[in-house]
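The values are calculated or read from the model by the stated rules, or taken from the named source; none is laboratory data. Keep in mind the model is a prediction, meaning the values are calculated, not measured. Glycine also receives a Cβ, built like all others from the backbone with ideal geometry; neighbour counts cover every protein chain displayed.
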Amino acid sequence: MLLYLTKRLLLAVAIVVLAVTLLFVMIHSVPGDPASVVLGPRATPEQKALIHEKMGLDEPLPMQIALFFGDAAQGNMGTDVFTQRPVRDIVFGELPYTIVLILTSITWASLVGIPLGCYSAVRRNSFVDKIIGVLSVSMIAIPSFVMAVYALLIFAVLLGWLPAIGSGNGGFWDGVQHLILPAFAVGVGWVGYISRIVRASMLEVLGESHVRMARSFGLPERRIIVRYALRLAILPTVTVLGVGMAHLLSAAVFAEVVFARPGLGALIVHAVDTRNYPVVMGTVLVTTALFVISTTLADLVNAVLDPRVREGL
Amino acid sequence: MTAISASDARLIRGNSAWAEHWGQLRKNRLGLFGLFLVIVMVSSALLANFIVPFDPTQIMVGPRLGPPSWAHPLGTDQLGRDILSRVIMGGRVALIVALTSLAAALSLGLVLGLVAGFGPRWLDNGLLLALDSVRAFPVIIFALAVVTLLGPSLLTVVFVVAVTSIPVYARVVRTQTQSLRDHEYILAERAMGAGTGRILGVHILPNVIGPLLILVSMDVPLVITLEAGLSFLGMGVRPPTPSWGTILNDGYSYIQNSPWPVIAGGIPIILTTLGFTFLGEALRDIFDPKLRRDV
């Protein structure tokens, strides 16, 4: 187990390093000069050189990469080209908003999705099961940004029930109100996804011998389903959530833009708009790390649950 | 005369495997609905030049942000352009992006997967690490990073989709190739002196391409979503070229003034992704029930 853990962690670090290196190589191989994009066409060579120095673009490529990781390892991710603030402070200032949004979304999606999937499996092939099935596929298929804009249109603009933009004035209740619509848009696809996974694994578990055993003892059906079947059937969901981090992050980007919420997504979109390379690189590093950490965690949970996986790597 | 068994009948009517599949699809109501939506979307994209009532980029003197009317069934946008015409042309853009990028990803993924699956161990390991590091980016984050570098354009979207899909396809091809290459008929072929090219081209490729095509077809809605999403952020298709994403974004900017552009921009995205998803799921169940991939 310890060997597996070490291997998996090393692989995770290698992937993050490779991914960011790839990005550096791409930046370098593109003909355009980031400095002229920032400064506009009338920039003097001196101004360009200054910006180059600030962005670290005056070093040779391998040096740039080494410097970036050296700095990142010490918790330094460069400074914002425009405001001169450290990128680390900016990124970690925005991170909590995104984490809160993602956690809220996934929580409500699980609370709705698990019972739906469970009910579907128990009432297999019934009319309600089929309706839930079609709804689940639809919820997965509809893009989250369309969902976000429609939610904004219906609940904020037309009905005026909830605030449209921002993250609130700092008060708890106000924050919750501002969180409802974005969390709805991010989570709705996951309701469908979770309900499908739970349904499939419930069907598998319900056919197993310990459930038949419980039945033959005459235990009440509700207790069999919740205590003996669902407890096992939920496990695959946990591992899928890790891999699903990428989808959650993508959905969060759109939700933050549509609802003008602060967060990593809004930050990176704005940084891309203004060609603020250090901020883009910092955000990419943190999101990629976040993603790799969550997939690695999911793999580890999987390995703990299933000994066969450990042997595989 | 002896009775003809079902399998003989199948031999006589050569195409009945397809007839059987069609029969299965016909029984799947959701799949049929998906097929209908896909046909509507594809044919309107193909015939776009002939059926648009107005030039989608023509700025007109009529009402701005007008509600639906007989002249403009989906209303007009903030510049007075006819939204229906823009929606039809936007479908064409979405389809072009989906087809070109998926074709590129398919061919490159196929080659890389075959190489990884059939080549030496070190090459396999190296390729896997490279593929996994590309996959380490959440797609939208990768897309945004690429846009910073290449600037927003149709080609950038195609590039992003191709690069992010290649690892998925290559992995599927690799796994299939590896399971096939130790089969006895491959060994026999090799014993008879067949080269790597013949083994890959004649024996492995036909076995790999089927499942891969189903995967690719199920990715069409994802690509359409990504194109619309990037265009929505103003980082995909450039104006004045219409895209469903830009229509939605234009509508979003004026959401306080009129709900119609937002409604008109979102519904084609929803219908198309639903259509391709329903059809893809039905096709997968028909052709290969085992091929169930996580989202």
What single numbered condition from (1) touching a Ser or Thr at 6+ places or on another chain (Cβ under 8 Å); (2) surrounded by fewer than 20 Cβ atoms within 10 Å (Cβ to Cβ); (3) of a type in the set (Gly, Ala, Ser) fails to hold for B:GLY117? (2)
Take the residues in segment A:237-246 that are in contact with a Ser or Thr (Cβ under 7 Å, 6 or more places away or on another chain) and modelled with pLDDT under 75; name whichever of them is nearest to the other protein chains (Cβ to nearest Cβ). A:VAL243
Hey, could you check segment A:76-103 for residues that are modelled with pLDDT of 85 or more and of a type in the set (Phe, Trp, Tyr) and say which is nearest to A:ALA266 (Cα to Cα)? A:TYR97
Any hit, segment B:206-229, residues being of a type in the set (Val, Ile, Thr), part of a loop (DSSP other than H, G, I, E, B) and touching a helix residue (DSSP H, G or I) at 6+ places or on another chain (Cβ under 8 Å): no
For segment B:154-185, the count of residues that are closer than 20 Å to B:ARG92 by Cβ and buried (at least 22 other Cβ atoms within 10 Å of the Cβ) equals 4
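Quick check on my filter: what residues within segment A:265-284 are touching a helix residue (DSSP H, G or I) at 6+ places or on another chain (Cβ under 6 Å) and more than 9 Å from chain B (Cβ to nearest Cβ)? Let's see the steps before the verdict.
Our first condition is that a residue be touching a helix residue (DSSP H, G or I) at 6+ places or on another chain (Cβ under 6 Å); within segment A:265-284, this holds for A:265-269, A:271-272, A:275, A:277-280, A:282-284.
Once the filter is applied, which keeps residues that are touching a helix residue (DSSP H, G or I) at 6+ places or on another chain (Cβ under 6 Å) and more than 9 Å from chain B (Cβ to nearest Cβ), segment A:265-284 yields A:ALA266, A:LEU267, A:PRO278, A:VAL279, A:GLY282.
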State all residues of segment A:72-106 that are in contact with a Gly (Cβ under 8 Å, 6 or more places away or on another chain) and acidic (Asp, Glu); if no residue qualifies, say none. A:GLU94
Which of the residues that make up segment B:149-191 are within 14 Å of chain A (Cβ to nearest Cβ), farther than 23 Å from A:VAL20 by Cβ and of a type in the set (Val, Ile, Thr)? B:THR175
Scan segment A:114-147 for residues that are in a helix (DSSP H, G or I) and away from chain B (no Cβ under 14 Å) and report the count. 10
Scan segment B:230-284 for residues that are of a type in the set (Gly, Ala, Ser), facing chain A (nearest Cβ under 10 Å) and under 21 Å from the mean Cα position of the chain (by Cα) and jot them down. B:GLY245, B:GLY265, B:GLY266, B:GLY275, B:GLY280
Just one of the numbered conditions (1) under 15 Å from A:VAL188 (Cα atoms); (2) in contact with a Pro (Cβ under 6 Å, 6 or more places away or on another chain) is not true of A:SER105; which one? (2)
Just to check your reading of the model, which residue among A:GLY160, A:GLY166, A:GLY171 is modelled with pLDDT under 75 and within 14 Å of another protein chain (Cβ to nearest Cβ)? A:GLY160
Of the residues in segment A:216-235, those that are under 30 Å from B:ILE141 (Cα atoms) and crowded, with 18+ Cβ neighbours inside 10 Å come to A:ILE234
If I filter segment A:250-303 down to residues being surrounded by fewer than 22 Cβ atoms within 10 Å (Cβ to Cβ) and among the acidic types (Asp, Glu), which single residue comes out as nearest to B:GLU227 (Cα to Cα)? A:ASP273
Residue that is away from chain A (no Cβ under 12 Å), under 30 Å from A:VAL284 (Cα atoms) and of a type outside the set (Val, Ile, Thr), where the choices are B:LEU200, B:LEU127: B:LEU127
